[in-house]
Amino acid sequence: KTFKEVFGDLLLMKPTEASADQLPSPSQLREKIIIKHKKLGPRGDVDVNVEDKKDEHKQQGELYMWDSIDQKWTRHYCAIADAKLSF
């Protein structure tokens, strides 16, 4: 299913106002769903900022894994380098 099929009119599909100089007010966003994504480049690939290119072979962040014993998601800090995931 697509996001539009799932969320319907709750999904914010276009800017709330023509003026993009300021952010919308909380009342304009009430009962709306916003999905954040990276912008695609002209070839359909993810457009990477210059700051993200500092170390192209290494990324770090958070990884959530399901713990079947405790029945909950647990947060792990992870790093990806040269096709290797460490956490």
Residue by residue, what Karplus-based ³J(HN,Hα) values in Hz, rounded to whole numbers, does segment 71-81 have, using 6.51, -1.76 and 1.60 with θ = phi - 60° and x for Gly and Pro? 6, 7, 7, 10, 8, 10, 8, 9, 9, 10, 8
Amide proton proximity set for I33, modelled H, under 5 Å, gap of 5+: L11, L12
Output the peptides 68-75, 5-12 sorted from most to least packed, where packing is the average of other Cβ atoms within 10 Å over each peptide's residues. 5-12, 68-75
Cβ-derived FRET efficiency at R0 25 Å, I33 paired with A81, nearest 0.05: 0.15
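Quick note: the coordinates plus some simple rules give every number you see, no bench work behind them. If you're wondering where the values come from, they're calculated on a predicted model, not measured in any experiment. Note that we place each Cβ from the backbone using ideal geometry, even for glycine, and neighbour counts take in every protein chain shown.
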